[in-house]
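Remarks on the structure that follows.
Rule-based calculations on the coordinates, nothing more; no lab input. Quantities reported herein were computed from a predicted structural model and do not represent experimental measurements. Positions of Cβ are backbone-derived with ideal geometry, glycine not excepted, and every protein chain shown enters the neighbour counts.
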Amino acid sequence: MNIAELSEKETPFYLYDTGILRNNLEKLKEASDRYNYKVHYAVKANANIPVLQMVKDYGFGVDCVSGGEIERSISAGFKGDQVVFAGVGKSDREIEIALSHNIFCFNAESFEEVKVLHDLSKKNNKVAKIALRIKPNVDARTHKYITTGLEENKFGIDFHDLPDIIEFIKGSENLDLIGIHFHIGSQITELDVFRNLCLKVNEIQKWFQSQGLSLEHLNLGGGLGVDYLNPDENHLPDYEAFFSLFDQQLDSYEGQEIHFELGRSVVAQCGSLISRVLYVKKGIATDFLILDSGMTELIRPALYQSYHKIENWSKRSKPLNNKYDVVGPICESSDYFGKAVQFPESERGDIIAIRSCGAYGEVMASSCNLRPKAEAHYV
């Protein structure tokens, strides 16, 4: 869309570049196929039907963390055996939704959950395939809110609980232990973190072998980060480096399938939040650009103090001679997108693009202040 077409649309809205997404999916497919790795797209990053259908077109499965995500994925055309169900708090209703679709695997996160899976599978005359999500105690070196693999995190099973859980599963006719699962965090940009994960996984795999258990599936989760600073120069993650590291460092067994759950790295760079300047507010020490979008459309800066590149698409050729705090209309001081952003001199009505919003943008939108949901447009 050119600036005239953008200006005609009611803002704010999410703009998705399907060319960038398809190119990303193609490169992900090439890299994962090279190592015979299985990829389940993490629906929590972006659950739009058109996005899910494009993911399906490339033969990937889905990683879901709610019953709603399972139902959305099925409606987009995925089969039950392409669905992995993760999440630390699966409700009985969500588990029964998953059982009704005969999903590929439950990533179980506690002994209590394993017991509930047994009871509900027996009640519904089903056999639930499960993988045990184990805490590897690996520091993801990312924001504390999106670190998930440490002992103090709510996610996963402590190693010392494994013997009792395995003994319980062996005594159940309604549970089938097919693998183990790990996920240590999100927006990980240091590949050494994944090397450390491999070392821990190798140790845990040896322990399972010592118990006479050779598991057919090994799920390493996701977490591969993206470049929020340079979305145009680096819109493709280095999938080859990512998968090559696991190929070199992971001690997998013959015939064992290796699974990954990538989300942010797949969709982040294909989306932008398009907004409009409502007011330019001159202050004593700070000038503000007040937009018609806010933390209701993109909560990441308020929640994680995260960076998104912000551009004035109406003044693309103008020099960046001004500094503004770029903020939204929500009645919270945390409602901002960037502080002291270098910008061209801006005015009411200018079209503003907040980049890299394809992941955890629209999917985390809220109706705070009773704001209507922003639309999505695809090019």
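Details
- Simple label model, 7 Å out from Cα along Cβ direction - Y307 to V127, nm: 5.2
- Length available on full extension from K282 to Q209: 0.36 nm per residue minus the Cα-Cα distance, which gives 19.6 nm.
- Note on K115 and S334: their simple-model spin labels are 3.5 nm apart, each label 7 Å out from Cα toward Cβ.
- Between E254 and K27, the C-beta separation translates, for a Förster distance of 30 Å, into a calculated FRET efficiency of about 0.60.
- Out of every Cα-Cα pair that the chain contains, those further apart than 40 angstrom amount to 20 percent.
- Efficiency of FRET between R93 and K9 - r from beta-carbon atoms, R0 45 angstrom, step 0.05: 0.75
- Measuring between alpha carbons in the structure, the pairs from K126/K206; K115/K373; K38/K135; K38/K206; K281/K309; K29/K315 lying more than 28 angstrom apart are K126/K206; K115/K373; K29/K315.
- Within the stretch 206-268, the percentage of alpha carbon pairs spaced more than 19 angstrom apart rounds to 44%.
- Distant-in-sequence amide H partners of Y336 (H built 1.01 Å from N, under 5 Å): A302, G328
- Between amide H atoms placed 1.01 Å from N, distances below 5 Å from D287 occur with D325, all of them 5 or more places distant or on a separate chain.
- Cut-off 18 Å, label 7 Å out along Cα→Cβ of F168, residues of the stretch 100-125 by amide N: 106-124
- Antiparallel %, DSSP beta bridges [both residues in the stretch 18-268], to 5: 5
- FRET efficiency estimate (nearest 0.05) - Cβ-Cβ, D192 to S367, R0 51 angstrom: 0.80
- If only the Cβ of Lys and Arg carry +1 and only the Cβ of Asp and Glu carry -1, the dipole of the chain around its Cα centre is close to 740 debye.
- The modelled label-to-label distance between L236 and N102, using points 7 Å beyond Cα along the C-beta direction, is 3.8 nm.
- Considered as an equivalent ellipsoid built on the Cα gyration tensor, the stretch 275-379 has semi-axes of 21, 16, 13 Å, the largest given first.
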